[in-house]
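First up is the structure itself, then whatever we jot down about it.
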Amino acid sequence: MSMSAVHSTSPPAEDPITPPPMTTPPRKASVRLQERRGSNLSLLLDVSTLGLEPMCSVTTPKEVWLQLLHTSTRPLTHTLLKEAATDLNTLNLEYQKIPPNFVSSAELDVPGHTMKDRYKTILPNPASRVILRSPEEENGPDRYINANYIRGYKGAPRAYIATQGPMLHTVGDFWDMVWQEKSSIIVMVTRLKEKNEKCELYWPQPRDRRRRVEEEEQEGETSRFGRFLIRVRDSQEKHGFTVTDMEIQLCSQRRPVRHYWFTSWPDHHIPQCTTPLLRLVEEVETYSRALLLPSDQPIRAPDSSPGPIIVHCSAGIGRTGCFIASSIGCQQLRETGQVDILETVCQLRLDRGGMIQTTEQYQFLYATLAGYSSQLHVQEQNQDQPATQQTSEDQVSKQLKNLQLDKP
């Protein structure tokens, strides 16, 4: 689906910014400190347009935020979703009413964390943040990383990890997290450098000889990052993204990792077409399901599980949120025939503040899922056999196998 019809209602930005304050009614009392710091009490205004009951007798703005994030909902069938995706004014209002749930430094009780934060205003929510445990042989203190566990479809715990793009001095921490969480999939939704640096190179490149481990050269392109050897086994260029099969090694233990690098997202804009992102979501879902099947791979530990899918862009909230929300929405559409994008984004923000960074990204998310819903709708109409005669698993497998996405 083309996004040429989506016009910016505010300057698009990928670098983290705090959403502009919303209009508030006149107040007789003086503004309190908590309100000056961005409590967004204006979220109480006209919440009925989102299907919420107006709330009274709240004690703190934080409780207002949380109640809105826990209760906001707007389930949409295929027809309603198609209409909603083109109503940009309503989407803008809907987006502006979602509490950002950003975290302040005072809430994050981790000494020295600022040295490991790419952006000082984008911090992990304390309740869901990933904590790096010290290796058993070192017996040291736990370590900090700017990352959060993110719930998946139907609230599945720790389905994803949303994190910032690794910096030069946090690459080792990033691979520690991959190892600790037994993650088998990494999704990167940014270039290494756009206007400014977005992410440090954290995996071996064919032309990068600086950190090559010469004795491992015959087994594949290999580099050492922190405690780990990272070896590239294979790399394939797809339409809009690159798939690289790697191996992470610690001492004699090895594990496979598949890296998806999405390069079709333009700097400070949204993609003009939803197809590449949908293809990426489809490929990641297909591979993730395959990991749950018995495997005869010699480098895979017998007790290992795929672990959370690690997703990052630069700040870990904008494009990262778009990918995760798209993935959850696609699953919801396949299983139920409808999708609740508002509820999904609220769930994401409960786990990591600021997910889906701009109005334009929110509109793009609606357009992406509307396009996917249309494909499913056409497929269902063309089926020879009623869907009710198939098992849910058969439907999902057939849809993923036969789904033909429009070319941009």
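For region 234-255, which residues satisfy the criterion of being more than 20 Å from CYS199 (Cα to Cα), in contact (Cβ under 8 Å) with a residue 60 or more places away in the chain and buried (at least 19 other Cβ atoms within 10 Å of the Cβ)?
Once the filter is applied, which keeps residues that are more than 20 Å from CYS199 (Cα to Cα), in contact (Cβ under 8 Å) with a residue 60 or more places away in the chain and buried (at least 19 other Cβ atoms within 10 Å of the Cβ), region 234-255 yields only ARG255.
In region 82-110, what residues are part of a loop (DSSP other than H, G, I, E, B), under 19 Å from LEU66 (Cβ atoms) and of a type in the set (D, E, K, R)? So that I can check it myself, show each step before the final result.
The first filter runs over region 82-110 and keeps only residues part of a loop (DSSP other than H, G, I, E, B), leaving 87, 97-110.
Right, trim to under 19 Å from LEU66 (Cβ atoms) and you get 97-104, 106-108.
Correct list: LYS97, GLU107.
Return the total of residues in region 84-109 being surrounded by fewer than 17 Cβ atoms within 10 Å (Cβ to Cβ) and over 30 Å from VAL339 (Cα atoms).
Of the residues in that region, 5 qualify.
Which one of LEU45, LEU81, LEU52, LEU41 is surrounded by 12 or more Cβ atoms within 10 Å (Cβ to Cβ) and modelled with pLDDT of 50 or more?
LEU81
Which of the residues belonging to region 256-275 are surrounded by 21 or more Cβ atoms within 10 Å (Cβ to Cβ), in contact with a strand residue (DSSP E or B) (Cβ under 9 Å, 6 or more places away or on another chain) and not in a strand (DSSP E or B)?
Of everything in region 256-275, just one residue is surrounded by 21 or more Cβ atoms within 10 Å (Cβ to Cβ), in contact with a strand residue (DSSP E or B) (Cβ under 9 Å, 6 or more places away or on another chain) and not in a strand (DSSP E or B), namely THR274.
Hey, among the residues in region 182-198 that are surrounded by fewer than 20 Cβ atoms within 10 Å (Cβ to Cβ) and not polar (S, T, N, Q), which one's farthest from ILE248 (Cα to Cα)?
Here the answer is LYS195.
Regarding ARG334, is this residue at pLDDT below 95, at negative phi, surrounded by fewer than 24 Cβ atoms within 10 Å (Cβ to Cβ) and of a type in the set (Lys, Arg)?
Numbers: at pLDDT below 95: no; at negative phi: yes; surrounded by fewer than 24 Cβ atoms within 10 Å (Cβ to Cβ): yes; of a type in the set (Lys, Arg): yes.
Considered against the rule, which asks whether it is at pLDDT below 95, at negative phi, surrounded by fewer than 24 Cβ atoms within 10 Å (Cβ to Cβ) and of a type in the set (Lys, Arg), ARG334 comes out as no.
Please verify whether ALA127 is closer than 21 Å to ARG151 by Cβ, surrounded by fewer than 16 Cβ atoms within 10 Å (Cβ to Cβ) and aliphatic (A, V, I, L, M), treating the condition exactly as stated.
Taking the combined requirement at face value, the residue satisfies it.
The values are calculated or read from the model by the stated rules, or taken from the named source; none is laboratory data. A quick note: this is a predicted structure, and the numbers were derived from the prediction, not measured. A quick note on method: Cβ atoms are made from the backbone with ideal geometry, for glycine too, and the neighbour counts reach across all protein chains shown.
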